[in-house]
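The values are calculated or read from the model by the stated rules, or taken from the named source; none is laboratory data. Given the structure is predicted, the values throughout are model-derived calculations rather than measurements. Methodologically, a virtual Cβ is constructed for each residue, glycine included, from the backbone with ideal geometry; neighbour enumeration extends over all protein chains shown. SASA here: full protein model, heavy atoms, side chains in, ligands and nucleic acids out. Shrake-Rupley method; radii C 1.70, N 1.55, O 1.52, S 1.80 Å.
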Amino acid sequence: MSWKAMTPTEVCDIVDFWTAAPWPLTEDEAQQLAVERLGWSIEVENGTRYLMNTVTGLTVPDVMTIAVKDQMRELSFDTTDTIRDVTPESTAFLGDNFALMVREGEARWGKPDLRRTDKWTTARWDAAGGSRVAFNFLPRGLNVRFETPQGADVERKLGDR
């Protein structure tokens, strides 16, 4: 079986792009910025605009965006194909790619806060300007969660350091 993954450099470059964005932004502004600078696309379904990372050709190109009162709080995107059947080979593939992503992130942003459970592993950084970044290793794939400075501030106030 062969699965695709974004390179660690590509993943971290995208995170650096979002970290350097001129926050706060509306959801529409963030989507347009992604189209102009990252080559991503916007699809409209039932009148709702969805951001898509069509550049990498991964199984799931959707980029989840969360806005509150039209202010972007968070976005997340897959960095690997979605694994349909979890096998020792798929777990090794994901583990190797996660380790490489974390290594690249550590070289750029310092040592991450690592959190592990029996179901997932997360490497998280407090990034420049108050934003946060998390690399997530799940049995069916890897993804990135980026919290804007505004989103991270809300989470901190709720007690999530």
Can you list the residues, at least 5 places off or on another chain, whose amide H is less than 5 Å from the amide H of E74, using H built in the peptide plane? I66, T148
Based on the alpha carbon coordinates of segment 1-68, what radius of gyration and maximum Cα-Cα distance (Dmax) apply, in Å? 12.8, 42
Computed from the mean reciprocal separation of all distinct C-alpha pairs, what Kirkwood hydrodynamic radius does the chain have, in Å? 16.2 Å
Filtered hits (aspartates and glutamates, Cα-Cα < 15 Å from K157, offset >= 8 within chain) -> D126, E147
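How much length is gained if the chain between D96 and S76 is pulled fully straight, taking 0.36 nm per residue apart and subtracting their Cα-Cα distance, in nm to one decimal?
On the way: separation 20, 0.36 × 20 = 7.20 nm, distance 2.06 nm.
Length gained, D96 through S76: 5.1 nm.
Give the calculated FRET efficiency between A128 and D160 to the nearest 0.05, with a Förster radius of 25 Å applied to their Cβ-Cβ distance. Don't jump to the answer; show the numbers that get you there.
Numbers: r = 19 Å, r/R0 = 0.76.
Approximately 0.85, to the nearest 0.05.
Counting only protein heavy atoms and using a 1.4 Å probe, what share of the accessible area of the chain belongs to carbon plus sulfur, as a whole percent? Before the final figure, lay out each step's value.
Numbers: 4370 of 8610 Å².
Of all accessible area on the chain, carbon and sulfur atoms account for 51 percent.
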